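Input: a single structure, listed below in structure tokens.
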Amino acid sequence: MPALTLPDLQSKLREWKGCELYKTATQAVLGEGNPHAEIMFIGEAPGQKEDEQGRPFVGPAGQFLDELLGTIGLKRADVYISNVVKYRPPQNRDPTPEEKEQCMPWLKMEISLIKPKVIVPLGRHALGHFFTKLSITEAHGKPQKLSNDVTVFPIYHPAAALHNGGLRQALYDDFQALGKFLAERKSAS
Ligand code: URA
């Protein structure tokens, strides 16, 4: 059987009803971006705008993410952006452990297609997908080795800074640290 592509995943996800959130959401939201990206960002779950448009990070948190990417010379088209959960939870409540578990195969398939070298979990839900015992408060801004050639670089969720202005500077600082890490990786290769 030929390998699945991102457009295959997209059309399969549209038919998928393996998570009860499909009942209250408008549509499922897969990741998007450069299929050959070295760096992949992973958020929590679609919000209202993402649910309406069927695209990740297109609301206020997405605008802030675009701005943060710009501070280190990256554009959305350079990276791949996705979420742990593929349907919007009602009123943007936290996804439950079951919902995260049910959606996990999609994220795993995206990671295995993109094969990123650096994975940036945005916030605790995405960090928990990789490291169950790390807290985002302790781990943000610090690279964590996932395997020989993959590093996880946790960062606070951009939406957290929209609610808590104190986190804004931490996000700018973490993006600077990420930019430095990416530059060092490049010069070492
Ligand atoms: N927050 C997320 O975690 N993901 C989105 O796509 C938008 C907001």
In degrees, nearest ten, helix 166-188 long axis to first principal axis of the chain (Cα)
70
Over the chain, what percent of the accessible surface lies on carbon and sulfur atoms, probe 1.4 Å?
52
As a check on your grasp of the helix formula, calculate [θ] at 222 nm for the chain: sum -39500 (n - 2.57) over DSSP H runs of n ≥ 4, divide by the residue count, round to the nearest 500.
-13500 deg cm²/dmol
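On average, how much area does the Cα convex hull of region 1-95 cover when viewed from any direction, in nm²?
Averaged projected hull area, Cα only: 6.7 nm².
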On a full-extension model of 0.36 nm per residue, what is the gain between Lys180 and Lys142, subtracting their alpha-carbon distance, rounded to one decimal in nm?
12.5 nm
Tilt of helix 6-15 relative to the longest C-alpha principal axis of the chain, in degrees (0 to 90, nearest 10)?
40
Taking N as its residue count, the alpha carbon Rg of region 125-179 over 2.2 N^0.38 Å
1.14
Taking 2.2 N^0.38 Å as the expected size of a compact globular protein, what ratio does the Cα radius of gyration of region 100-150 give against it, to two decimals?
1.15
Given Tyr80, Pro116, Pro46, which one lies farthest toward the positive end of the charge dipole of region 17-158, if we put +1 on the Cβ of every Lys and Arg and -1 on the Cβ of every Asp and Glu?
Pro116
DSSP beta bridge pairing in region 19-188, given as percent antiparallel to the nearest 5
25
How many Å³ per residue does the convex hull of the Cα positions in region 70-128 occupy?
114
Mind listing P(r) for the chain? All alpha-carbon pairs, 5 Å bins, whole percents.
1, 8, 17, 22, 22, 16, 9, 4, 1, 0, 0
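The values are calculated or read from the model by the stated rules, or taken from the named source; none is laboratory data. This is a predicted model, so every value here is computed, not measured. Note that each Cβ is placed from the backbone with ideal geometry, even for glycine, and that neighbours are counted across all protein chains shown. With ligands, DNA and RNA removed, areas are computed over all heavy atoms of the protein, side chains included. Shrake-Rupley method; radii C 1.70, N 1.55, O 1.52, S 1.80 Å.
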